[in-house]
Every structure is written in C-alpha cells, then in structure tokens.
Amino acid sequence: MVVGRLRNVAYNWRVTLAKYTGSKCKLCRREGSKLFLKGEKCFTSKCAMENRAFPPGQHGQRRTRLSDYALQLREKQKVRRIYGILEKQFRLYYHQADSRKGSTGENLLQLLECRLDSVVYRMGLAISRSEARQLIRHNSIRVNDIRVNIPSYQVSPEDKITVVDKAKSQLRIKASVEASQQRGTADWVAVDSKGLEGIFTSIPERSELPSDINEQLIVELYSK
C-alpha cells in the first residue's frame, strides 16, 4: 500500500510540473526507436536501445499486434517526445499546420524544426534539445543580436543565431560543437564553429528530415 501511494505521489508530482522527469531511455524503448534524448550516450553502446530494444515493464518482451489507432498514437507520442513538447502545445502546432497550404504533416514537422531549441540543437551548439532549451532559458542565445529566452520561438530563414560572449567558455557548448564536427550538422543551417554562431538558411524540405517519422499517422489521428 505504501509503495502504491508513493508511486501515485510521484506520478501526480510529475503531472503537476507538466514535465516528464523519469528515465529518458525508457521513452526510447517505449517508442521502439532512438529519440536521441540523452545526447552523446545515444551514439554509444551504453544506449538502452542497443541492449534492450523492447518496451519497458513486466510484459515488454511480449509480441503484440497494434491496432491502427495504437500505431497512430505511438507515432504522435514519438514525435512529441523527440521535440519535447506537451500535448496541448503539440495539438496547437497541428492546427497551425493544418491551416497552411500544402501537406499538413510536412507543415507540422517544419514548424517543429523552426523552433529555436531545434535550430540550436541542429547547429550543434547543444548535445540535445533539452540542453538547447536550457541554454535558451538561461539567456545564452541571441537571434539577430537580440537575446531570446523562449525555446518555442519560430526562427525564420536568414536569421542569425549566436551564443552570447559570457556563455562561449562553457565546456558543454565546446563539447557539443566538437561532437557535431565529427557527425556533421543539418543541411539547412550554416555554422561557424569557431565563432559559435550560424545562420538558419532555409526551412527544411521533407526529404531532409528524418525518414523514420510517419507524419501521416499523426494527421490521421487528429483528423478523426
């Protein structure tokens, strides 16, 4: 009984904060793919998906056939967790994408990639999107020489992203840049690694975005 109550308290505490504070590796295992939430660890053999590529829990290794709704729900949850967005905000992004011309699914992914935290992450200034959000909230990022501390800020083509002088000496930023130099950066950003700055050159096309995301499932889910 005591254990059950403690679990309920922990769950309610997480919901109250509107932020998931549990194991990020469990999220990857639950979605069945790498979400790259742990930064450099995701590229090593220590990644949970390398050793336990099955859902967490007592019955995680059971093979179950998912319904169409379950597949749509899991795809939505996967994308939401990749970009670190709550359900209400994600739904707003969908409605915004749906109101635009063109493919709703592609519009949705483009809106998510134009978020400032995603751009900072794609530039290699942060090892993960959660770290990028932390840098932004701590006033370490400038957009067109203006400090912006809103991770969801929508970046436009030709916007210049820079790290403030005070934060350029941070070891985590230097480590992130070194790692990105080895793996490369996204095609839609031009980065000056020495100056710790870059330009968001263009909105990415669908062919440039991850191929393991099936945005059509999300459209089908919200269209019901």
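Could you run the Karplus curve 6.51 cos²θ - 1.76 cosθ + 1.60 with θ = phi - 60° over the stretch 116-127 and give me ³J(HN,Hα) per residue in whole Hz, x for Gly and Pro?
4, 5, 5, 5, 4, 5, 5, 6, x, 7, 9, 7
What does the charge count around residue 150 come to, taking other residues whose C-beta lies under 11 Å from its C-beta (Lys +1, Arg +1, Asp -1, Glu -1)?
Working: positive: 115, 133, 137, 147; negative: 117.
Neighbour charge sum, excluding residue 150 itself: +3.
Using the structure shown, list the pairs from 168/194; 78/174; 174/194; 76/224 with a Cα-Cα distance above 19 Å, or answer none.
Numbers: 168/194 10 Å; 78/174 29 Å; 174/194 10 Å; 76/224 14 Å.
Over 19 Å Cα-Cα: 78/174.
Among 171, 135, rank each residue by its count of other Cβ atoms within 10 Å, from fewest to most, as a rough exposure measure. Intermediate values should be presented prior to the final figure.
On the way: 171 7, 135 25.
Neighbour counts put them in this order, fewest first: 171, 135.
Taking amide H positions as placed 1.01 Å from N in the peptide plane, with prolines and chain starts having none, which residues 5 or more places from residue 189, or on another chain, fall under 5 Å of its amide H?
When sequence neighbours closer than 5 places are left aside, the close amide H contacts are 201.
Would you mind counting up the charge near residue 224? Only other residues with Cβ under 15 Å from its Cβ, with Lys and Arg at +1 and Asp and Glu at -1.
Once all neighbours under 15 Å are counted, the net charge is -2.
Could you pull out every residue, at least 5 positions away or on a different chain, whose amide H is within less than 5 Å of the one on residue 197? Hs are placed 1.01 Å off N in the peptide plane, and Pro or chain starts have none.
So residue 197 has HN proximity to 192.
List every residue whose amide H lies under 5 Å from the amide H of residue 84, counting only residues 5 or more places away in sequence or on a different chain, with H placed 1.01 Å from N in the peptide plane.
none
Using only the Cα atoms, work out Rg/Rh for the stretch 84-224, with Rh taken as the Kirkwood radius, to two decimals.
Working: Rg = 15.4 Å, Rh = 15.6 Å.
So for the stretch 84-224, dividing Rg by the Kirkwood Rh gives 0.98.
Coordinate-derived values only; no laboratory data. What you see is a predicted model; the values in this text were computed from it and never measured. Cβ coordinates were reconstructed from backbone atoms using ideal geometry, including for glycine residues, and neighbour counts include every protein chain displayed.
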